[in-house]
Structure formats: C-alpha cells, structure tokens
1. Under 5 Å between amide hydrogens, which residues at least 5 positions from residue B:377 or on another chain qualify, with H placed 1.01 Å from N in the peptide plane?
2. Starting from the amide H of residue B:233, placed 1.01 Å from N in the peptide plane, find each other amide H under 5 Å away whose residue is 5 or more places distant or on another chain.
3. How big is the B-A contact in terms of buried accessible area, both chains counted, 1.4 Å probe, rounded to the nearest 100 Å²?
4. Using a 7 Å offset from the Cα along the Cα-to-Cβ direction at both residue B:380 and residue A:179, what is the distance between the two label points in nm, to one decimal?
5. Determine the distance separating the Cα centre of the range B:271-287 from the Cα centre of the range B:129-157; give it in Å without decimals.
6. What is the calculated FRET efficiency for residue A:4 to residue C:130, with r their C-beta to C-beta distance and R₀ = 56 Å, to the nearest 0.05?
7. With just the Cα atoms defining each centre, how far is the range B:354-395 from the range A:141-207? Give it in Å.
8. Toward the positive end of the charge dipole of the range C:1-109, about the Cα centre and with charges on Cβ (Lys, Arg +1; Asp, Glu -1), which of C:17, C:42, C:59 goes farthest?
Amino acid sequence: MEQLLHILPQSLLDGLTLGFVYAMVALGYTMIYGVMELINFAHSEVFMVGAFAGTEMLLFLQSRGYLGTMPAPVALIVALMAGILMSGTLGVLIERIAYRPIRYAPRLVPFISAIGVSFFLQDAVRLIEGLWKNAFYLTAPSLFTSVITITPGLRVPAKSLIVILAALIMMLALNIFVTRSKWGKAIRAVAQDKETASLMSINVNSVIALTFFVGGGMGGAAGTLFATQYSLIDPYIGFILGIKAFTAAVLGGIGSIPGAMVGGLLLGILESTGIVILGFATHGAIGIEYKDVLAFVILIIILIFKPGGILGEEVREKV
Amino acid sequence: MQLRCKSLTFFLMAALVLVVVGLVVTGCAPKANVIKVATVTPLSGSQAAVGESIKLGAQIAVEEQKDAFTKLGFALQLDPQDDQADPKVGVDVAQKLIADKEVLGVDGHYNSGVAIPASEVYKTDNLTEVSPANTNPKVTDRKYLDVNRICARDDEQGPFGADYAFNTLKAKNIYIVDDKTTYGAGVAQQFEARAKADGATILGHDGITAGETDFSAVLDKAGSAKPDLLYFGGMFPEGSLLLKQMRDKGINATFMGADGMDDPQMAKIAGNDVIGAYYTTAAGDINSTPEGKAWADKYTKEFNQQPGAYAVYGYDSMNVLLDGIKKAIADNGGKAPSRLQVSQAVRATKDFQGISSKVTFDDKGDNLYAMLFMKEYKTADYPPAVIQSGTAGQYLQK
Amino acid sequence: MLLEARGVSKRFGGLMAIDKIDFTMEAGQIASIIGPNGAGKTTFFNMISGYYFADQGTITLDGKRLTGRSPEHVAGCGIARTFQNIRLFPGLMVLENVLVGMHRHLSANLAQIVLNTRGMRREEQRAYEEARELLIYTGLEGKEQELAKNLSYGDQRRLELARALAVKPKLLLLDEPTAGMNPRETEEMTTFIRRVRDERNIAILLIEHDMKVVMGISERITVLNYGVKIAEGTPKEIRSHSEVIAAYLGEETPEES
C-alpha cells in the first residue's frame with residue numbers, strides 16, 4: 001500500500017503526459033468525423049509525418065548550429081510550426097485526393113481509401129528517409145533535459161511539462177477558434193447540416209478542407225511533441241498510437257471536441273495509473289501487460305451504458 | 001460468322017494445350033543445370049536493415065562459389081525473398097519456395113517467430129534451412145532433419161546473461177521485462193529460471209507491447225521495487241527507449257538485454273544513457289579476428305556500408321548450405337541431388353570452418369561451436385566491447 | 001426586375017415536376033406560390049436556391065444568372081430561405097445560429113484568426129451586436145445562449161427567420177412560415193412578414209397553404225398544379241379564377257380555409 005502511494009503521483013504525471021498526446025491526436029479523428037461522418041484512418045500517418053517534419057526541422061537547426069544558440073522554447077515553436085504546416089497540408093491533400101472524389105460513395109469505400117493512404121505514407125516516409133538519411137529511424141535532439149525532483153519518488157522531467165503545457169495551449173487555441181471565430185462556427189454548422197450551411201453562403205468544400213487542415217495540424221503538433229518526449233520515431237509509430245487515439249475519441253464521444261480531450265486524458269491515466277493500482281489490488285496477478293486490456297474493458301463498459309461516449313450525443317441515424 | 005467462331009475456339013484450345021504442356025514440362029522436369037539457394041529475411045518493414053545485411057552476406061558466398069558450381073555443371077543462383085518479419089508472409093514465401101523445385105536450400109529466417117511456422121512448410125519436402133539468427137529453442141527442439149542453425153540458442157543466451165549478472169555483476173535483486181514475443185518472452189524466461197537457480201531474487205516480471213513508446217507504467221512499478229538490475233527480453237527500439245526512460249526516471253539499476261539490442265541505433269537512441277548497459281549476443285565482434293576483418297573489408301568495399309552484426313552469419317550459413325549441396329552432388333554421382341539428400345548432407349556438417357565460428361551440427365541441428373558474447377557499452381559508440389565470451393554448448397540443457 | 005425565371009423545367013425520372021415555368025418578381029414585393037400538394041412548389045424553391053439544377057430555362061437575380069450555381073453562390077448573391085420543416089443548427093446556440101448566417105459578411109481570414117488582430121476583434125464585436133439586434137427584432141431577446149434545439153416551435157421558426165435575415169438577402173424565400181401555428185401566432189407572423197418587407201425592403205416569396213395568410217399579404221399569387229403554372233394575378237383575380245377553383249375542388253376551396 002505504501003509502495004502504491006509512493007508510485008501514484010509519478011504515475012499520474014506519466015498518464016497525463018501520454019493522455020495529452022492521445023487527446024491531441026484524437027481531436028483530428030473527432031473533428032473530421034464530426035464534419036464528414038468519416039473515420040479518417042490515415043490520420044495516424046498524418047501524425048507520423050508531423051513527427052518527422054518536426055524532427056527534421058530540429059535536426060536541421062542542429063546541423064546549422066542554431067539549436068545551441070537559440071532558446072529551447074523557440075526551437076520547439078519552430079519545430080511545431082513545421083509539424084503543423086506539414087501535417088495540415090497533408091490532411092488537406094488527403095481529403096482532396098483520397099476522399100473528395102468518393103464523397104458520395106458507400107461508407108466502406110473511403111475506409112479502403114484511408115487504408116491505402118496509410119500504407120502509402122508509411123512506405124513513402126520510409127523510402128524518403130531511407131534515401132536521404134540512410135536510416136528510417138530518427139532520433140530527435142533533446143530540447144529540455146532538466147528534471148525537477150520534487151520528492152525522490154516524484155521526478156518531473158521538464159519535457160513532460162512542456163508536452164502538457166504545449167498541448168494545453170494548442171487545445172485552448174483550438175477551442176477559441178472553434179467557438180468564437182467565423183470559420184470555427186462554419187465548421188460546426190457544416191458538421192450539423194451541410195445543406196443549410198451552404199444556404200448561409202458557406203462554401204462546404206472549403207470548410208471540409210479547413211477541418212482537415214486544423215485536424216491534421218493538431219496531429220502534426222502532437223507528432224512533434226511526441227518526438228521531443230520519446231526521441232525515437234520511425235514510419236510505423238502512427239499505428240499503435242493511432243488506435244489508442246481513435247479509442248480515446250470514441251471513449252469521449254466521437255464528433256465531440258471536448259470529448260476527445262476527456263477521452264485522451266482518461267485513456268492515458270487508465271493505461272498508466274489504472275493498471276498500477278489494479279496490479280497492487282490483485283497482488284501482481286494482473287501485470288502491466290494487461291494495460292490495454294484494462295483500457296478496452298473500460299471502453300466497452302462505458303459504451304454499454306453510454307453508447308455515444310462520455311460527452312457524445314446519443315447515436316441518432318440521420319434520416 | 002459460324003466459321004470464325006469455330007476457328008477461334010480451336011485457337012483457344014490449342015493455346016490452352018500449349019500452356020498446360022508448358023507448365024507440365026517446366027514444372028516437373030527442371031532444367032538439370034540450375035540450382036537455386038534462397039535467403040528469406042525481412043527486406044521491408046522495420047527490420048529491413050538487418051535482413052538486407054544477411055542477404056548481402058549470403059550474396060558474397062554465392063558469388064564466391066559460383067565458379068565451383070559451374071565446374072560441377074550447375075548454374076548457381078541466389079533467390080532473395082522477403083518475409084517482412086511476419087509469420088503469415090513467411091509461410092507464403094515458404095510455400096512459394098517449396099513449389100520451385102530448383103530451390104535446394106534456404107538461408108534464413110531472421111525471426112524465430114517466422115521461422116517456426118515456415119519450417120513446417122519446408123518439412124513437407126525436406127527443404128533444408130540453415131538459420132543465421134534464430135535463437136529460439138523451439139526452432140531446433142522439434143528435431144526436424146531440415147532445420148539447422150549456426151548461432152546460439154536463447155536458452156543458452158538467457159543463462160549466460162544470468163550467470164554473468166549474478167556472479168560477475170553481483171546483482172541480487174532483478175526485475176524482468178519482456179515484449180511478449182516468442183523471442184523476447186523466451187529469452188526472459190530462460191534468464192529468470194537461471195537467475196533463480198543461481199540464487200537471485202526476481203522482484204517482478206512484466207510485459208510491454210512491441211511498437212509502443214511509452215513505458216512509464218512498467219517503469220514506475222519496476223522503479224519502486226528498487227532492483228539492482230533490469231533485464232529486458234526484446235528488440236532494440238523498445239529496449240533503448242526503456243533504458244532512456246528508465247534513466248530519465250532516475251532508476252539507476254544496471255540494464256541488461258539479449259541480442260535484440262545488438263544494433264547501432266541503440267546508442268543513437270539512448271545517447272549517453274547507453275554507457276554501462278550490457279547485452280548478450282550470439283554475434284561476436286567480427287573485427288576481432290584477421291579473417292573476420294578481411295571479410296568485413298570485402299563487404300564494405302562491395303556494398304559501400306558496414307556489415308550488420310548478422311551479415312557474417314548470413315555468409316557462413318550460406319557456405320554451410322553450399323558445402324552440403326556440393327557433398328550431396330558428389331554423393332549423387334555428380335547429378336542434381338534431391339532435397340532429402342541435401343538435408344542429410346547439411347546435417348552431417350562437421351568441423352566446417354566459418355568466419356564467425358566452426359560449425360558442427362548435433363542431432364537437433366544446433367551448432368556445437370556456437371559462441372556467446374557479453375558486451376558492455378564503455379562509451380556511447382557501437383559496437384561495444386566484448387567483455388566475456390564462451391562456447392554456448394556448455395549452457396545447453398540436456 | 002429582381003427575380004426572373006424563364007422556361008424553367010425539372011424532371012424527376014418520368015415525372016415533370018416543373019414544366020416550363022415563367023416567373024418574375026419585383027424588388028420589395030410580397031408574392032406567394034400556391035397549389036395542391038405535389039404541385040411542384042418546393043421543387044421550384046429548391047431550384048431558385050440552387051439545390052436542384054434546372055434541366056431547362058434560366059433563373060436570374062438582378063440580371064445575374066443563377067442557373068447552374070451552387071447553393072452557397074446563390075446565397076452569396078442575396079437569396080435566403082427557410083424550410084417547411086425547420087432546419088436550424090440544433091447544437092449551436094441561438095446567437096451562433098445567427099452569426100453563422102452572417103458568414104459572408106465577415107471578412108476575417110485565417111491569419112487574422114491566428115493572430116487575433118484588433119480588426120478581427122472589432123469585427124467580432126460588431127457582428128455580435130448585429131446578431132443581438134436581429135434577435136430583438138424577431139422577438140428572441142434573452143434567449144441568445146440557449147441551444148437552438150431547446151427552443152419552442154414558434155421560437156425555432158423565428159430563429160430561422162432571424163438567421164435568414166442575417167444573410168442580408170434581397171429576396172427571402174419562406175416555405176410555409178405559419179405551418180403548425182395557432183391563429184394568434186399566424187397573425188403575428190403575417191404582421192412580421194409585412195414589417196420585414198416594409199422596414200428592410202426585402203422581397204418575400206412564400207409557399208403557403210393558409211389561404212387567409214396568402215390572400216391577406218400577397219401582392220401577387222402564382223398557382224401551380226402538376227408542375228404547370230395555371231394562373232397568376234392579384235388575390236382578387238385568383239379568387240375568381242375558374243381553373244384554380246377546379247384544381248382545388250375536392251381538396252379545399254380558398255374561401256373555406
């Protein structure tokens with residue numbers, strides 16, 4: 001018991017850090033679902049490309065010697081910009097090339113298209129990095145190395161705090177954008193009723209493209225933060241993280257922006273803190289390897305009682 | 001009109017007959033003068049680099065032996081295949097190779113988890129397999145005539161590591177993590193058994209998922225148990241992140257892994273945290289012998305890159321295979337041997353001098369001369385220094 | 001001439017929904033389209049607002065061609081509409097519904113949003129005030145922060161009107177604005193429609209079943225039956241039109257309702 005209390009604060013911090021990354025990626029799934037009723041399974045690769053763009057930017061700054069002279073937060077912002085722009089643009093391109101031509105096709109068709117885009121992006125990145133760097137694993141330079149030791153049991157690495165801080169700022173900015181700005185309102189209007197929105201002289205195609213840009217950009221920012229937090233990236237990092245983030249989106253209520261944030265944080269905490277508690281409660285019978293099982297059991301329980309997710313609307317078929 | 005239809009039918013029938021005859025002729029009666037040997041390694045996906053280096057090692061062997069085979073009246077060809085490190089793909093490739101009667105031997109696979117199901121396919125036609133890198137015990141414990149390996153086994157690697165940890169590093173309290181794969185869990189289990197037998201306390205044994213990047217949950221738990229040493233059964237992408245995150249969390253336990261850590265990326269990912277980390281490997285330092293150094297130079301010159309740790313094993317495996325085929329040809333009076341004859345000849349390999357080690361197969365297909373090495377990163381540079389080596393055979397559990 | 005339709009036709013499979021209709025409206029006029037169910041009234045609305053493309057014929061607004069244009073383009077030219085079955089953005093607040101209607105009159109671009117410029121904030125403030133005015137105008141004061149789906153039926157109708165007015169149209173298409181209302185509410189709506197025209201000089205075209213409303217406020221009435229225009233004129237002329245009476249026989253006669 002004492003040991004558990006000892007781990008708990010550290011474990012919560014780890015869960016939060018992971019949860020914020022999940023939440024940011026989940027936002028992309030949920031925004032695009034909200035507007036298109038389409039699960040953009042290529043989003044995990046948009047995240048991955050963002051991680052590569054951000055890391056390449058940091059490596060570029062490093063190779064030119066700027067990294068040592070500029071303050072770390074500035075370097076992070078430059079890298080985030082690269083990740084956001086690259087992923088946002090990629091999101092728009094994916095929509096234009098892989099989804100728009102089949103927008104009125106049966107639902108399974110864009111799904112297949114998304115899988116194709118995923119494979120294409122994984123191998124494209126592998127090919128490009130392979131030719132360019134002769135290795136498709138990239139190691140991001142460390143930006144924030146200091147560790148704040150609060151108690152011997154609770155060590156707060158600065159980079160975790162940066163991830164949490166940056167994610168909070170980005171999500172806050174997204175929230176203001178969506179609720180206050182003209183285009184944010186247009187996105188929500190299109191999500192609710194495309195035809196009526198077009199009567200308000202809203203160009204539905206532009207709004208969809210914008211949604212893909214914003215959703216993709218959040219994914220790219222998450223990718224860059226992910227790279228600074230975990231250092232190692234490869235073209236396949238999107239797969240597991242994408243599944244987790246999608247789960248978070250469903251958990252929170254797909255289509256709901258606050259839902260994605262709540263779902264991401266909850267999943268992150270369940271995976272790290274929940275499983276540690278469960279391990280102690282069962283005297284080690286349930287080990288860490290069951291953390292995904294725990295997360296999905298809780299997902300299923302929540303969906304049984306609240307099929308729309310925690311903050312989602314009750315599922316209603318549109319007539 | 002009527003006439004045209006008839007002549008079209010006739011034409012189609014004739015074409016069909018030709019195709020069928022062609023298939024029968026080429027399928028059943030191979031041109032006696034071609035012998036193919038295959039490499040089956042991951043050439044795409046995340047393990048492509050190591051798979052490629054094994055293939056290139058084997059390619060050197062084939063090129064060296066081409067003339068010898070030409071003198072015997074055979075055209076030797078290399079048939080490189082990609083198993084994508086995926087058991088399903090591995091089985092598909094195995095079936096393809098079985099169907100191609102010119103293929104007389106396989107140099108592969110890289111992953112034990114792929115080799116085991118694939119060898120069930122090879123067995124159906126006694127297609128012999130010499131593995132450069134499969135360390136899982138089950139690969140040879142099934143005692144298939146056609147399955148051999150020149151590297152050491154996990155149940156030798158685990159105990160080798162455990163003995164070193166307990167006796168030399170004096171680690172009494174040990175925490176174990178594995179990646180739940182056949183390989184990772186296998187090594188970790190063997191390590192745990194030996195460490196317990198030696199007298200160490202196992203504080204916990206947890207699993208992670210390959211492909212994940214955040215190991216804070218398992219590390220929070222492991223850290224609170226305050227181990228002297230953390231043993232990891234798995235591959236380098238997870239292993240190096242585990243090491244790095246462990247140090248970030250201020251856990252100072254010694255890190256030890258198995259040959260899944262044997263990759264230049266390890267030091268790049270973990271940076272200076274890699275200093276003081278240990279791993280056991282079946283692949284020695286190729287530059288430690290003059291023959292090895294000469295071979296590495298040749299490889300570097302040929303392909304303009306450093307050989308990976310298992311490249312020379314790909315080379316040695318292929319040579320063992322080709323040596324067996326040559327013997328089988330001689331035994332068969334200079335004619336093309338059957339796959340069974342090749343399997344028997346390869347299994348009979350005795351005191352074959354390879355670059356990495358001597359090769360003598362026991363009745364299971366394990367190499368009695370396989371070597372094991374303990375390496376420690378003294379600096380953050382790859383490859384780390386060998387600090388202890390031993391013949392793996394002494395750890396064979398009878 | 002504000003709106004001008006020339007020889008407009010629309011066919012759905014074998015059905016001629018709209019058959020070579022000519023139709024014109026002056027600026028600031030109130031006009032109605034009536035006809036039995038299935039006469040093609042809503043189809044005609046949908047063609048004007050750009051949902052359906054005309055198979056034949058042309059529609060122009062202020063001499064600008066609308067045929068073949070997308071709904072958002074048509075809306076941009078100055079046509080707004082409401083629906084027979086109300087179509088609000090149910091999950092948005094009342095105020096936000098109106099602000100979405102102002103979309104084309106707000107100029108903020110992405111860069112301004114990101115930078116949150118003073119210009120943008122000022123414009124936001126102006127839009128907000130304008131939207132509040134519209135809500136007061138339509139009698140929805142004090143309900144700005146409610147979700148549209150939580151409004152009463154009558155308020156939802158009013159909100160739909162407020163949102164349509166936010167588009168600042170030259171022509172407003174109302175599809176059965178008094179459907180489902182009691183006589184008092186109907187009376188209010190009729191007054192309101194006239195007020196909108198008088199105070200804002202917006203031309204209004206209605207589809208309406210309630211003959212009292214139609215006869216009371218329309219300056220011109222067009223009667224459709226089976227996609228064909230069978231009559232056109234002042235309320236007085238329509239009331240006595242023999243073909244109109246025939247078309248309505250067995251359904252409802254204008255005088256009765």
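1. B:276, B:277
2. B:177, B:178, B:179
3. For chain B against chain A, roughly 2700 Å² becomes buried.
4. 4.4
5. About 22 Å separates the Cα centre of the range B:271-287 from the one of the range B:129-157.
6. 0.45
7. Distance between centres, Cα-based: 52 Å.
8. The Cα lying farthest towards the positive end belongs to C:17.
The values are calculated or read from the model by the stated rules, or taken from the named source; none is laboratory data. Bear in mind that the values here come from a model prediction, so they are computed numbers and not experimental data. Neighbour counts are summed over all protein chains in view; Cβ atoms, including those assigned to glycine, are modelled from backbone coordinates with ideal geometry. For accessibility, only protein heavy atoms count, side chains too; no ligands or nucleic acids. Shrake-Rupley method; radii C 1.70, N 1.55, O 1.52, S 1.80 Å.
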